[in-house]
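What follows is one structure encoded as structure tokens, with my remarks underneath.
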4 protein chains.
Amino acid sequence: MKGKALTPDCIQQRGFALLSQEGFPLKKIRVFVAGASGKMGQEVIRTLVKEDDLILVGASDTRQQGMDVGFVVGLPRMGLDISGPFDVESLRTFQADVLVDFTNPQSVLKNAKTAILAGVVPVIGTTGLDEAELEEIRTLAVKESVGAFIAPNFSIGALLMMRFAREAAKYFPHVDILELHHDQKLDAPSGTAIKTAELISEVRPPMVQGHPNEYEKIPGARGADLGGIHIHSVRLPGLIAHQEVLFGGLGQALTIRHDAYTRETYMPGIMLAIRKAADLTELVVGLENFLD
Amino acid sequence: MKGKALTPDCIQQRGFALLSQEGFPLKKIRVFVAGASGKMGQEVIRTLVKEDDLILVGASDTRQQGMDVGFVVGLPRMGLDISGPFDVESLRTFQADVLVDFTNPQSVLKNAKTAILAGVVPVIGTTGLDEAELEEIRTLAVKESVGAFIAPNFSIGALLMMRFAREAAKYFPHVDILELHHDQKLDAPSGTAIKTAELISEVRPPMVQGHPNEYEKIPGARGADLGGIHIHSVRLPGLIAHQEVLFGGLGQALTIRHDAYTRETYMPGIMLAIRKAADLTELVVGLENFLD
Amino acid sequence: MKGKALTPDCIQQRGFALLSQEGFPLKKIRVFVAGASGKMGQEVIRTLVKEDDLILVGASDTRQQGMDVGFVVGLPRMGLDISGPFDVESLRTFQADVLVDFTNPQSVLKNAKTAILAGVVPVIGTTGLDEAELEEIRTLAVKESVGAFIAPNFSIGALLMMRFAREAAKYFPHVDILELHHDQKLDAPSGTAIKTAELISEVRPPMVQGHPNEYEKIPGARGADLGGIHIHSVRLPGLIAHQEVLFGGLGQALTIRHDAYTRETYMPGIMLAIRKAADLTELVVGLENFLD
Amino acid sequence: MKGKALTPDCIQQRGFALLSQEGFPLKKIRVFVAGASGKMGQEVIRTLVKEDDLILVGASDTRQQGMDVGFVVGLPRMGLDISGPFDVESLRTFQADVLVDFTNPQSVLKNAKTAILAGVVPVIGTTGLDEAELEEIRTLAVKESVGAFIAPNFSIGALLMMRFAREAAKYFPHVDILELHHDQKLDAPSGTAIKTAELISEVRPPMVQGHPNEYEKIPGARGADLGGIHIHSVRLPGLIAHQEVLFGGLGQALTIRHDAYTRETYMPGIMLAIRKAADLTELVVGLENFLD
């Protein structure tokens, strides 16, 4: 395994402010990024180096090994190289608190287990783990008394939209969901729209919306029906990822909308997860657990 | 037939400003409203008495005959009573230029023909005329050299939305239509949404939108398909009548939205129709003919 | 004081379903409406007669005394007349649980005190009470161990919007408020917009939003500044009462919007207040206290 | 000047489809891009190589000279290098029909004149030319009988929004403009918002909107006033470039909205300009001249 350990000098060069008298960072959370050369990995690195209380101590990928991380992510030289595949022993040398994983479905389980065995809390953004694999991580985490975190959605804005929608449905049981995505998306409705409808269904019973005698002059006009909630999927070039939850009541409407414009959308959620996960001692699933 | 002819005195009492030296209105368009006691008829009367260049000279209905029009529509006394059914001769006594018809499908054809024969231009808002009946009116109008006007939609805002949508589609062929109505509406999609899609189809060829391999996890998610245009119908209590036409292109979206909140929505279009129809000498169908 | 007491027969005629074997309503909340002939009073009556657990037992106004309530509010005959001014003794004869007050600033304090002294919980929608008058009600309520309720805003939708905005601001401190009203509104920004900004300010410190070097080419472009939150007031004919709270964060936006279309907007909140207030034993201010 | 001339072989390698029997492109418009290494230049190149009727024949920049254009813009090797500064003679060797200029205010005038003298139509996206410089280009174009084109805004969507807004104002004179941008934008209102208000002012007289007695409880609430049109500028992180033109009329609202999400927004307009400009023989200013 390649990749140099950080010296106080090097840390100072990289512009981190809160150092102890000896030049070591004071209570910063030490982060290792697996999948550093990917789009998400790069964005995570660009974001976390701007945070005062986080410090990047290692970055691995199967691509661009040995290259300076700064060069890889489009920032000035960092004095830290992309390292290759890691095992428990080599990971330990980084003294990381948290390992952020945006690798691929083939690597994520092994990485998570390696991290836990090395005493590092994995924060997993990679998708593809099935229930049995989640259970394996859960069990290992308990056995080692090391935390672990995984979330299907790191967008705080989308999570708040879903939370508010669930709350609003207690008072406004009539609701339609509109989700709008770029026209390269294959499935409709979106996972977020389905999840939103499921959350709403927790607080209101299934009901028929619309007039009992309503009819479709053209099939599909009234959208997909999930427990009586109608979901409408717009697909257009140019769009990114948007959702509107529309509630109607006597003489009024209440609308909650989320627009995701870029990959940066997920960064505040990932930073929050890093900070909260550092203190975990078991597996937690879902970013909503970290919102007040 | 009841209903007094307007005297100059009476006109003056009703507060019309532009009078000739003899006390007669100067070049005002003289309007007779059929169906005056109905919701639309009342609204038409309330609106037109505020217009300087229009004057109400008669108002008929099967209901509330002999009552003062002001009382019926919730305004101060007008000195003009609701009259009953009219024929060519009795209609002539009002010397109306235009007859606005918001009666019912059973009366509208007879009223229109009576008006034309009396030399009065019918402006028809009542629905229910079929093609043969329209043709009958068209022929009679030509024969008598009297104009006639009918429109399925008197909302100028909705017409502009449709016009703009048609123009935009030349540059943005990818389009979804979202229409939102109160939940007592029976049919979906709305007539306006279908009309909008048809207008767009005049300027862009049928095309498949979305990814060729897209699929619906829940049927109906992608809405109704009309020539490749997806139409989504939201039905919620509280809503009135709203439509959004969404265009997507490279890195951008263009949206045209119309919200109809009350019956007043239709008044500017009806006033425009009255003013333009007064000069017609044949049947014209559709308010778009009167927009620049 | 006029107004007949309700007999079981009469109640049955009025179509209430949940009767005891003796023909008396079972645990219905008995409601007296003061200001019954006003727009809000009428709407309250039309709404509550459709609720299974509420029953209208009296309705007073200075106007239309002695007329049947049904006639006044545009419903079938109710067998209950509009009564006039009431005192403690006459109010008691109605055996009301709750008195809903939509009268006027001159009557509201006296009505509230009369209600409390008669053992009836006042639910006050009339505006115009100052702090001293509120205190007077509070003290009397404690002394008599009778509840009282007053709210500046009975729109559940608007309250949820404000609540969600306050929650969202914890995660998205950058926020602009846009409020849109009909062009007869005199003050800008609206009270609801100011209240929303104040609630947000409880959870985020005052901060400068926008670029520190930003400048207005035309004064006012950036709106009103309340603790760093920019508020924009649109005034247009046709609009009713709308507000959007816009949050921006890394690569995303979160929007919460409320549209009030008609006076009915306030009815669910008033019904909720009636139900919750019936059990109060002190003054409560603000409908948010009744939302979970 | 560096940069190889395209051979038929090379063209074929680059995957262009419409070739004559001799292997030369058939009636393709030959495009030279100045400022090829900049963000806009790169995007222009990535876009035009996907168009069947356009062909990239040269690309210059002060940066990355001698590097393959494909490498510079993130595409496969093109067999065409970035060339340096050009003069009339060297530019002629590319046999370009159109020169697209996204350089900088210091180079744009010289580039435009060089192009015209070489018989190449400049399509200018670079800002910073003043009236005198425009006049210089206009005069030279006439003298040489060569076209030239410049536009302050290449977004077809934004242009349509402005056009529709101008049309709608004929029927809906009451209008507010809302523009929303990222919080790094310095000036408010945006140039597009001001331009929109100016266009609207061409068709409606200056008027006071809102109630004559309206007042601001907090200064700026009603926005910037331009000829009676109120403009509101929202600045939030995460946003890109958005504008809403809101029209209100009796009982209704009409809204036209444009969202620009990425730099790609401008590409359809630039491609349109290239195609239309190729046939010009004088200076044309503004993309609206190329919209039907």
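Here, each number is a calculation from the coordinates, and none is a lab measurement. It should be emphasised that the depicted structure is a prediction, and the values quoted were computed from it without experimental measurement. Glycine gets a Cβ as well: all are built from the backbone with ideal geometry, and neighbour counts include every protein chain shown.
If you put a point 7 Å past Cα along the Cβ direction, how far is that point for C:His211 from the same point in each other copy, in nm, smallest first?
Copy-to-copy label distances at C:His211, shortest first: 3.7, 3.8, 5.3 nm.
What list of ³J(HN,Hα) values in whole Hz, one per residue of region A:194-200 in order, does the Karplus curve 6.51 cos²θ - 1.76 cosθ + 1.60 (θ = phi - 60°) give from phi, with Gly and Pro shown as x?
Listing the rounded values in order: 5, 4, 4, 5, 5, 5, 5 Hz.
Rg over Rh of region B:21-101, using C-alpha atoms and the Kirkwood radius, what does it come to? All intermediate terms of the calculation are to be shown ahead of the outcome.
Details: Rg = 12.0 Å, Rh = 12.7 Å.
Answer for region B:21-101: 0.95.
Could you pull the copy-to-copy label distances for C:Gly74, with points set 7 Å along Cα to Cβ, in nm to one decimal and sorted shortest first?
Distances between equivalent label points, in nm: 0.7, 5.9, 5.9.
Using a 10 Å cut-off around each Cβ, can you sort D:Met40, A:Met207, A:Met161 from fewest to most neighbouring Cβ atoms? Walk me through the intermediate numbers first.
On the way: D:Met40 21, A:Met207 11, A:Met161 24.
With the fewest neighbours first, D:Met40, A:Met207, A:Met161 line up as A:Met207, D:Met40, A:Met161.
Peptide C:188-196: average number of partner chain Cβ atoms within 10 Å per residue?
Values: counts 11, 6, 2, 1, 0, 3, 3, 0, 0.
The mean count of partner-chain Cβ atoms within 10 Å per residue comes to 3.
How large is log10 of I(q)/I(0) for region D:165-226 at q = 0.13, 0.14, 0.20, 0.26 Å⁻¹ when the intensity is taken from the Debye formula with one equal scatterer per alpha-carbon?
Taking Cα atoms of region D:165-226 as identical point scatterers yields -0.42, -0.48, -0.90, -1.19.
Residues with beta-carbon under 10 Å from that of C:Glu43, excluding C:Glu43: net charge, scoring Lys, Arg +1 and Asp, Glu -1?
Numbers: positive: C:Lys39, C:Arg46, C:Arg263; negative: C:Glu264.
Here the count lands on +2.
From the phi angles alone, apply the Karplus equation (6.51, -1.76, 1.60; θ = phi - 60°) to region D:104-113 and give each ³J(HN,Hα) in whole Hz, x where the residue is Gly or Pro.
Each residue's phi maps through the Karplus curve to give 8, x, 6, 9, 5, 5, 4, 4, 4, 5 Hz.
Once you sort the root eigenvalues of the Cα gyration tensor of the protein assembly as shown as a ≥ b ≥ c, which label holds: rounded (a/c under 1.5), prolate (a/b larger than b/c) or oblate (the other case)? If you can, show how the numbers build up before the last one.
Values: a/c = 2.21, a/b = 1.29, b/c = 1.72.
Judged from the Cα gyration tensor, the protein assembly as shown comes out oblate (a/c at least 1.5, b/c at or above a/b).
What does the copy distance list look like for D:Glu131, label position 7 Å along Cα→Cβ, in nm and ordered from shortest?
5.9, 6.0, 7.5
Determine Rg/Rh for region B:156-261; Rg is computed over alpha-carbon atoms and Rh is the Kirkwood hydrodynamic estimate from the same atoms.
Details: Rg = 13.6 Å, Rh = 14.2 Å.
Across region B:156-261, the Cα-based Rg/Rh ratio is 0.96.
How large is the charge dipole for region D:95-154, taken about the Cα centre, if only the Cβ atoms of Lys, Arg (+1) and Asp, Glu (-1) carry charge, to the nearest 20 debye?
Working: 4 positive and 8 negative charges, 29 e Å.
Charge dipole, region D:95-154, about its Cα centre: 140 debye, nearest 20.
How about region C:63-99: which trypsin sites (Lys or Arg not before Pro) there lie in a loop by DSSP and see at most 14 other Cβ atoms within 10 Å? Write down the numbers at each step before the final one.
On the way: sites: C:Arg63, C:Arg77, C:Arg92; in loops: C:Arg63, C:Arg77.
The qualifying sites are C:Arg63, C:Arg77.
How large is ³J(HN,Hα), in whole Hz, for each residue of region B:238-250 in order, when computed from phi with the Karplus curve 6.51 cos²θ - 1.76 cosθ + 1.60 and θ = phi - 60°, using x for Gly and Pro?
x, 5, 10, 8, 9, 8, 10, 10, 10, 10, x, x, 3
Using the structure shown, select from C:Lys39/C:Lys113; A:Lys50/A:Lys143; D:Lys110/D:Lys143; A:Lys195/C:Lys170 the pairs with a Cα to Cα distance greater than 28 angstrom.
From the list (C:Lys39/C:Lys113; A:Lys50/A:Lys143; D:Lys110/D:Lys143; A:Lys195/C:Lys170), the Cα-Cα distance tops 28 Å for A:Lys50/A:Lys143.
For a footprinting-style exposure proxy, rank D:Thr255, C:Thr196, C:Thr127 by other Cβ within 10 Å, fewest first.
Working: D:Thr255 19, C:Thr196 29, C:Thr127 11.
The fewest-first ordering by Cβ neighbours comes to C:Thr127, D:Thr255, C:Thr196.
What order do you get for A:Asp61, C:Asp259, B:Asp81, C:Asp183 when you list them from fewest to most C-beta neighbours inside 10 Å?
On the way: A:Asp61 23, C:Asp259 26, B:Asp81 20, C:Asp183 17.
Exposure proxy ranking, most exposed first: C:Asp183, B:Asp81, A:Asp61, C:Asp259.
Given H placed on each backbone N at 1.01 Å, which residues far from D:Leu226 in sequence or on other chains put an amide H within less than 5 Å of it?
D:Ile231
Across the residues of A:206-214, average count of Cβ atoms on other protein chains within 10 Å?
On the way: counts 0, 0, 0, 5, 12, 8, 1, 2, 8.
Mean number of neighbouring Cβ atoms from other chains: 4.
Which shape class, rounded, prolate or oblate, goes with region C:203-257 when its Cα gyration tensor gives a ≥ b ≥ c as root eigenvalues, a/c under 1.5 marks rounded, and past that a/b bigger than b/c marks prolate? Before the final figure, lay out each step's value.
Numbers: a/c = 1.89, a/b = 1.24, b/c = 1.53.
Note, shape of region C:203-257 comes out oblate.
On the Cα set of chain D, report Rg and Dmax in Å, please.
Computed over the Cα atoms of chain D, radius of gyration and Dmax are 22.1, 77 Å.
About the Cα centre of the protein assembly as shown, what is the dipole size in debye to 20, counting +1 per Lys and Arg Cβ and -1 per Asp and Glu Cβ, all else neutral? Could the numbers behind the result be given before it?
Working: 116 positive and 144 negative charges, 2 e Å.
Computed about the Cα centre, the dipole is about 0 debye.
Report, to two decimal places, the Cα Rg of region B:116-175 normalised by 2.2 N^0.38 Å (N = number of residues). It would help to have the intermediate numbers written out before the result.
On the way: Rg = 16.3 Å, N = 60, 2.2 N^0.38 = 10.4 Å.
Here the Cα radius of gyration is 1.57 times the empirical estimate.
Taking springs between alpha-carbon atoms closer than 10 angstrom, which of C:Gly220, C:Gly157, C:Gly251 fluctuates most in the Gaussian network model of chain C?
C:Gly251
Among D:Ile218, D:Gly228, D:Met161, whose Cα sits farthest toward the positive end of the charge dipole of region D:156-261 (+1 at Cβ of Lys/Arg, -1 at Cβ of Asp/Glu, about the Cα centre)?
The listed residue farthest towards the positive side: D:Met161.
May I ask which residue of chain A has the beta-carbon nearest to the axis carrying chain A onto chain C, and at what distance in whole Å?
Per the Cβ-to-axis criterion, the result reads A:Phe164, 2.
Quick one: net charge around D:Asp53, please, counting Lys, Arg +1 and Asp, Glu -1 for every other residue with C-beta under 10 Å from its C-beta.
Working: positive: D:Lys27, D:Lys28, D:Arg275; negative: D:Glu51, D:Asp52.
Net of charged neighbours comes to +1.
Quick one: net charge around B:Ala253, please, counting Lys, Arg +1 and Asp, Glu -1 for every other residue with C-beta under 9 Å from its C-beta. Don't skip to the end; give the middle numbers.
Values: positive: D:Arg257; negative: D:Asp259.
Value of the local net charge: 0.
Once you charge only the Cβ atoms, +1 for Lys and Arg and -1 for Asp and Glu, what is the size of the charge dipole of chain C about its Cα centre, to the nearest 20 debye? Can you show the working numbers first?
Working: 29 positive and 36 negative charges, 105 e Å.
Computed about the Cα centre, the dipole is about 500 debye.
Would you kindly work out the equivalent ellipsoid of region A:62-121 from its C-alpha gyration tensor and give its semi-axes, the square roots of five times the eigenvalues, largest first in whole Å?
Values: eigenvalues 94, 37, 19 Å².
Value: 22, 14, 10 Å, ordered largest first.
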